[in-house]
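Just so it is clear, none of the values below were taken in a lab; they were calculated from the coordinates. All of these numbers come straight from a predicted model, not from anything done at the bench. Don't worry about glycine lacking a Cβ; one is built from the backbone with ideal geometry, like all the others, and counts go over all protein chains shown.
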Amino acid sequence: MYGLLIESIAEYTKRVYGNAVWENVRKKAKIDYHTFSTSQQYSETLMAKLIKCIAEVTEQDINELMENLGIEFVDFVGQFGYDRILRVLGRHMRDFLNGLDNLHEYMRFSYAKLKPPSFFVEKENAAGLTLHYRSKRKGFLYYVKGQIKQVAKVFYNLEVKIELVSEEVDGDITDIVFQLFFKNDQYEKFQNKSSASMTSLKKANRLDTNQTISMDIFFELFPFHVVSVIL
């Protein structure tokens, strides 16, 4: 686990409860570090140990604490420029959620040994969508909820209601399904645009197999591509 996650927990504790409480937590957890390098790897058990001690020292509900830490992480990474990456991941909330795995792949350039979770979207409609979250780490359900809510609030000016549909553990994999409720206006626009694009493409194929298609249609059908320009 990279120190980026751990340092955000330390910053949250200091900001909300003060340096004295952080020192108490650090000693209770028997951690010698005063700060954590964001690019250094630490034991996988360190985060769980810290969170347990914070909950005990502050008497905060651990699920509430985890959600608050997820919120904190979104704000914390902004000081390292990752907010700019989050902003360009998608123009709308649905785009962001559909592109989360691409974000983690991008972060591998900076964190080569990253063990990211996997997300995928299904059952999307104008009122929200169903989001699957799979990870080898356990106990991050409320942490992820906090992250999603804060991203929606900060980058898309949206309030998201999140309900847990199911949580299953299969070996070392935790599979969680969330139902997200938010104003997903762009879904219907996307559906209408896609239908129009497919209709235009089919019409073009019926009329002339050599007929060209517009760039708008091509980019809609193939959002990830490489364009080679011959001068």
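Put in order of Cβ neighbour count within 10 Å, fewest first, the listed residues SER37, SER8 become SER37, SER8. Rounded to the nearest Hz, the phi-derived 3J(HN,Hα) couplings of region 4-18 under the Karplus curve 6.51 cos²θ - 1.76 cosθ + 1.60 (θ = phi - 60°) are 4, 5, 5, 5, 5, 5, 4, 5, 4, 4, 5, 5, 7, 10, x, where x marks glycine and proline. Which of the aspartates and glutamates could a cross-linker span from LYS136 if the Cα-Cα distance has to be under 18 Å and same-chain partners fewer than 8 positions apart are dropped? In chain and number order, the partners are GLU44, ASP101, GLU105, GLU167, GLU168, ASP170, ASP172, ASP175. As a rough footprinting exposure proxy, the listed residues TYR143, TYR133, TYR33 were ranked by other beta carbons within 10 Å of their own, and the order from fewest upward is TYR33, TYR133, TYR143.
Under a 5 Å amide H cut-off, with hydrogens placed 1.01 Å from N, GLY128 pairs with PHE182, ASN184 among residues at least 5 apart or on other chains.
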